1. If we count other beta carbons within 10 Å of each Cβ, what is the order of LEU51, LEU138, fewest first?
2. Let me have the relative contact order for the chain, percent, based on Cα pairs under 8 Å that are six or more residues apart.
3. Taking only C-alpha pairs under 8 Å that are 6+ residues apart, what is the relative contact order of the range 133-177 in percent?
4. Assuming R0 = 30 Å, what is the FRET efficiency of ASP171 and GLU24, from their Cβ-Cβ distance, to the nearest 0.05?
5. For the range 63-179, what number results from the quotient of the Cα radius of gyration and 2.2 N^0.38 Å?
6. Could you put LEU230, LEU58, LEU103 in order, starting from the residue whose Cβ has the fewest other Cβ atoms within 10 Å?
7. Among DSSP beta bridges lying fully in the chain, give the percent that are antiparallel, nearest 5.
8. At 30 Å minimum axial length over the Cα atoms and a Kyte-Doolittle cut of 1.0, report the qualifying DSSP H helices in the chain, or say none.
Amino acid sequence: MVDLSVPSAARMYDWLLGGSNNYEVDWEACELLLKVAPTSREIALNNRWFLQRVVRVLAEEHGIRQFIDFGSGLPTQRNVHQIAQEVDPESHVVYIDNDPVVLALGQSLLDENNNTAILPVNMTDTDTIFAHPDLNRLIDFSKPTAALFISVLHCLPDSAGPRELVQRVVDKLVPGSFVVVCQLVSDDRKVRDDVTELMRVQTHDNWGRVREKADVDEIFANLIVEEPGLLDVTDWRPDSELQQRQRSIEWTEYGGLGRVPPRTWMAGPGWQVE
């Protein structure tokens, strides 16, 4: 059941991208957001373009044929499976999201594609995710896989453990796999506080916070960061100068691509980098 009295971060993102899968309550929340952070449209576009570039790089240059998209959001043009399957039609993609609108639209899009699935699971519930039959039908964890956390970790409060979530997924992946992370950050404390408060109020506390770059850097501590490093994703291997000119000001999507290194099992929990 969709509660149309409460804005959804996924539907707000869709509205900022110019999509149609949103409602008046989402438009109104976006208008308030644009007053606090006027370049929010630019940041949404930059994030979407980054998603498309990084999936293409993973498929073409690194030979990745398995993708798990955590907190995938509403389907729009040039989704993960479309990009990956242009490179290899046998690429497997699993989307994870528990927003009812995302699930309804996503399922209708994927019904005729046997190499894709969408799981109706909270992305933090990794026990359910890893045990899900559709995930295990499509993803062979003995082979390199790409896990995507694109513009979603800021939707999680610190109490939900965004860094720990990524680490649980990394622990499941074989060396040579990849992890993509980007999230909303700002060097301006007032922007961080104002946007965080606005989004928490608008979504009835179904949000996390705008963080600092150091918070994202910590997530990559156990990964090998691929070039060009961790940065505003607008500058991550841009396709054109036009994309680079569509730049956000008050805040940015900050992150990059990390590779799972060789490792050995330690006595006790966790992995040790060799």
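Computed from the coordinates by the stated procedures, all read-outs in this text should not be read as laboratory data. The structure presented is a predicted model; accordingly, all values stated were derived computationally and were not measured. Cβ coordinates were reconstructed from backbone atoms using ideal geometry, including for glycine residues, and neighbour counts include every protein chain displayed.
1. The fewest-first ordering by Cβ neighbours comes to LEU138, LEU51.
2. Across the chain, relative contact order equals 19 percent.
3. Numbers: 20 pairs, mean separation 27.1, N = 45.
Normalised by residue count, the contact order of the range 133-177 is 60 percent.
4. 0.10
5. 0.99
6. LEU103, LEU230, LEU58
7. Counting only bridges with both partners in the chain, antiparallel ones make up about 45 percent.
8. Taking the DSSP H segments of the chain (at least 30 Å long, mean hydropathy at least 1.0), we get none.
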